[in-house]
1. Considering only segment 98-106, I want to know if a residue exists there that is basic (K, R) and under 20 Å from L176 (Cα atoms).
2. Please determine, by comparing only the residues of segment 193-208 that are closer than 18 Å to H57 by Cα and among the aliphatic types (A, V, I, L, M), which one is surrounded by the fewest Cβ atoms within 10 Å (Cβ to Cβ).
3. Pairs under 6 Å by beta carbon, first residue farther than 20 Å from Y206 by Cβ and free of Cβ contacts under 8 Å to residues at least 40 places away in the same chain in segment 30-59, partner among the hydrophobic types (A, V, I, L, M, F, W, C) and surrounded by 11 or more Cβ atoms within 10 Å (Cβ to Cβ), six or more apart or different chains?
4. Just one of the numbered conditions (1) under 24 Å from L166 (Cβ atoms); (2) hydroxyl-bearing (S, T, Y); (3) touching a Phe, Trp or Tyr at 6+ places or on another chain (Cβ under 6 Å) is not true of T68; which one?
5. Does A140 meet the test of being in contact with a His (Cβ under 8 Å, 6 or more places away or on another chain), assigned to a helix (DSSP H, G or I), at pLDDT 95 or above and surrounded by 13 or more Cβ atoms within 10 Å (Cβ to Cβ)?
6. Would you say E107 is at pLDDT 95 or above, closer than 24 Å to G45 by Cβ and among the charged types (D, E, K, R)?
7. Hey, V190 hits all of (1) surrounded by fewer than 21 Cβ atoms within 10 Å (Cβ to Cβ); (2) touching a helix residue (DSSP H, G or I) at 6+ places or on another chain (Cβ under 7 Å); (3) β-branched (V, I, T) but one; which does it fall short on?
Amino acid sequence: MVRPWLMVISSMLALLLACGAGGQGSGGEGMVKDFVPQDFSALKGMKGFSDKALELHFTLYQGYVKNTNLLAQELAKMAAQNQTASPAYAELKRRFGWEFNGMRLHELYFGNLGGKEPLAADSKLKKKIEANFGSFDQWAADFKATGAMRGIGWVVLCEDPVSGRLFNVWINEHDLGHLAGVTPLLIMDVFEHAFIPDYGLKRAEYIQAFFDNINWKAVEGRMGK
Ligand code: FE
C-alpha cells in the first residue's frame, strides 16, 4: 500500500522536474540565440542626414549582424568537429571581433543619434567632461579632431570604470584600439560610407551634422553609477 505522504512527495518532485525541464526548453540558461538587427528607422528625417544615406547605413549594419551570427555558428561547428587547428578556424576567429564590433558600434552610434537638446549644463556628464578635458568646448574640439584623422574607423568617448576618467579614443576599422573594460558613451562612425553619400569628402561638415543630432540623454544613460 502506498502511503499518502509518499504520494504527495512524488507529485511535488514530478512537478519540480517538469518546471525545470520547461525552464530549459523555453530559452533559459544554455540556450544561445542569434543576434537580431535593431530597428533605427525612427532616425529618418534627421537634419543633415538624408534618408537614402541612412537606409544604406542600416543595410550595412544588418550585414554585420548577419555575419556575426554566421561566424559564431561556423566557429561552434568547427570546434565541435575538432577543426580548431586549421588555418580557416584561426582566420574566422580573428574575423569575429571585426564583425561583432561592427555590429555593436553601429548600434551604439545609431543609439546616440536623434537628439534635439544640448547637453544640460548641470548634468553629471557635462561636469565630468569639464573635469577631464578643461571645458566642454575643449573636449568637443578633441573629439572632432580625432574624427578628422585620416583613415576609417570610429571615435569613442569612453569612461574607464576603474579610474573614472574619460578618454576620446580612435578605433581603427572596428577592432583596433579599444581600451579594455571601458564603457563607450558617445560613438561616431567615420567610415567613408557614413559621410560620403551626403557630404562627399567634406568630413568636417558631417561631423558637425553628427554633433547637431547627438542624443545626450542616451549618452548620459550609458555612464556608470
Ligand atoms: Fe557605418
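The values are calculated or read from the model by the stated rules, or taken from the named source; none is laboratory data. It should be emphasised that the depicted structure is a prediction, and the values quoted were computed from it without experimental measurement. Virtual Cβ from ideal backbone geometry, glycine too; neighbours counted across all protein chains shown.
1. As a first pass, look at segment 98-106 and keep what is basic (K, R): 104.
Add one more test, that the residue is under 20 Å from L176 (Cα atoms), and what stays is 104.
Yes, the conditions are met somewhere in segment 98-106.
2. The qualifying residue surrounded by the fewest Cβ atoms within 10 Å (Cβ to Cβ) is L201.
3. P37/V65
4. (1)
5. On the way: in contact with a His (Cβ under 8 Å, 6 or more places away or on another chain): no; assigned to a helix (DSSP H, G or I): yes; at pLDDT 95 or above: yes; surrounded by 13 or more Cβ atoms within 10 Å (Cβ to Cβ): yes.
Answer is no for this residue.
6. On the way: at pLDDT 95 or above: yes; closer than 24 Å to G45 by Cβ: yes; among the charged types (D, E, K, R): yes.
Judged against the criteria, E107 is a match.
7. Answer for V190: the failing condition is (1).
This table checks each residue for (1) surrounded by 15 or more Cβ atoms within 10 Å (Cβ to Cβ); (2) in a helix (DSSP H, G or I).
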position: E99; (1), (2): yes, yes
position: L108; (1), (2): yes, yes
position: P118; (1), (2): no, no
position: L125; (1), (2): yes, yes
position: L157; (1), (2): yes, no
position: V169; (1), (2): yes, no
